[in-house]
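Worksheet for the structure shown next.
The values are calculated or read from the model by the stated rules, or taken from the named source; none is laboratory data. In this text, all values refer to a predicted model and were calculated from it rather than measured experimentally. Quick reminder, even Gly has a Cβ in these numbers, built from the backbone with ideal geometry, and neighbours come from all protein chains shown. Please note that ligands, DNA and RNA were not included when accessible areas were found on the heavy atoms of the full protein model with its side chains. Shrake-Rupley method; radii C 1.70, N 1.55, O 1.52, S 1.80 Å.
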Amino acid sequence: MRHPPRGFTLVELLIAVLVMAILGSLAVSSYRSYVLRANRTDATTTLLRAATAEEKYFLQNSTYTTDLASAAPTGLGIGATSPLSYYRLSAAAGSTGSIATSWKVTATATGNQTRDLSACQTLSIDDQGVRSPADSSGCWK
């Protein structure tokens, strides 16, 4: 009387390893895109904080400023990079062309964050509350 074979054959084992490798590669790429998207909040929160600081600065000085790094009263005290250092910040005159009457703050991706979607590598907000890229792009979510 023959006993039924027990265990796995080499082919079955290789198929199981192949399936696990495929699932693992899908999970890793999905995780990386999630991390990049989550890191964008470093820029969006910093830009919104800069917008508030610009308006506060204007109330105290009757002009806006491009000095993000210096502490008050000469600057906004935010810094040249976002808190987690995923973005570099800059401020310039806004739509009127004069820093006395308008401003625009921009966050540009640095380091590993440059692997994010190309449309989301540079985010900005101005004195009118206009966000770039547009909210419909999903970069501000």
### Task
Give me a count of the residues in region 70-85 that are open to solvent by 70 Å² or more (accessible area, probe 1.4 Å) and either outside any loop (DSSP other than H, G, I, E, B) or β-branched (V, I, T) (or both).
1
### Message
Out of everything in region 52-69 that is over 17 Å from L123 (Cβ atoms) and acidic (D, E), what residue ends up being surrounded by the fewest Cβ atoms within 10 Å (Cβ to Cβ)?
### Response
E55
### Task
May I ask you to list the residues in region 92-121 that are more than 17 Å from the chain's Cα centre (by Cα) and under 11 Å from A50 (Cβ atoms)?
W103, K104
### Message
If I ask for residues that are of a type in the set (A, V, I, L, M) and in contact with a helix residue (DSSP H, G or I) (Cβ under 8 Å, 6 or more places away or on another chain), which ones from region 41-72 would you list?
### Response
L68, A72
### Query
Can you pull out the residues in region 94-114 that are modelled with pLDDT under 95, of a type outside the set (S, T, N, Q) and surrounded by 13 or more Cβ atoms within 10 Å (Cβ to Cβ)?
G94, I99, A100
### Message
Could you check region 115-137 and list, in sequence order, the residues that are in a strand (DSSP E or B), open to solvent by 60 Å² or more (accessible area, probe 1.4 Å) and over 17 Å from N39 (Cβ atoms)?
### Response
R131
### Message
Yes or no: region 14-31 includes at least one residue that is closer than 30 Å to V105 by Cα and either surrounded by 10 or more Cβ atoms within 10 Å (Cβ to Cβ) or at pLDDT below 95 (or both).
### Response
yes
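Just one of R2, R88, R49, R37 is more than 24 Å from V130 (Cβ to Cβ) and either modelled with pLDDT under 95 or surrounded by 14 or more Cβ atoms within 10 Å (Cβ to Cβ) (or both); which is it?
Result: R2 is the single residue among R2, R88, R49, R37 that is more than 24 Å from V130 (Cβ to Cβ) and either modelled with pLDDT under 95 or surrounded by 14 or more Cβ atoms within 10 Å (Cβ to Cβ) (or both).
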